[in-house]
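Reviewing the structure listed below.
The values are calculated or read from the model by the stated rules, or taken from the named source; none is laboratory data. For clarity, every value in this text was computed on a predicted model and none was experimentally measured. When we count neighbours, we look across all protein chains shown, and the Cβ atoms used for this are built from the backbone with ideal geometry, even at glycine.
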Amino acid sequence: MEAATTGPAPTGRPPDRHDEEAAVTTTGTVRYWAAAKAAAGTAEEPYAAATLAEALDAARTAHAANPEFARVLLRCSFLVDGDPVGTRDHGAVPLAEGGTVEVLPPFAGG
């Protein structure tokens with residue numbers, strides 16, 4: 001009698017980090033403010049990513065036709081579900097299902 005298996009069919013290779021990340025991809029909203037909003041051409045858009053780094057990479061790709069967008073992102077601060085990201089590695093910042101990423105460029109005067 002053949003043993004029952006669960007999960008995906010074996011691929012003949014060990015799982016890698018990409019496989020793990022694909023399993024935890026979440027969806028939510030990226031909100032752009034001020035210069036980031038102008039560069040993106042929209043106030044918000046959805047994300048499908050496991051980490052902040054993945055969400056930002058996808059946004060850069062989606063807005064590749066506007067090089068100003070990538071330049072603005074370099075100067076931005078980020079909030080993930082209201083918490084400042086600060087200097088943390090964006091690849092180490094997980095995103096929650098239904099979460100919100102706020103993209104905040106520097107503001108004059110404050």
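Any chance you could count how many residues in the range 64-88 are acidic (Asp, Glu) and either assigned to a strand (DSSP E or B) or in contact with a strand residue (DSSP E or B) (Cβ under 9 Å, 6 or more places away or on another chain) (or both)? The qualifying residues number 2. The number of residues in the range 41-53 that are in contact (Cβ under 8 Å) with a residue 40 or more places away in the chain and either out of contact with any Gly (no Cβ under 8 Å at 6 or more places or on another chain) or hydrophobic (A, V, I, L, M, F, W, C) (or both) comes to 4. Considering the range 16-47, the residues that are in a loop (DSSP other than H, G, I, E, B) and touching a helix residue (DSSP H, G or I) at 6+ places or on another chain (Cβ under 9 Å) include one that is modelled with the lowest pLDDT, namely 25.
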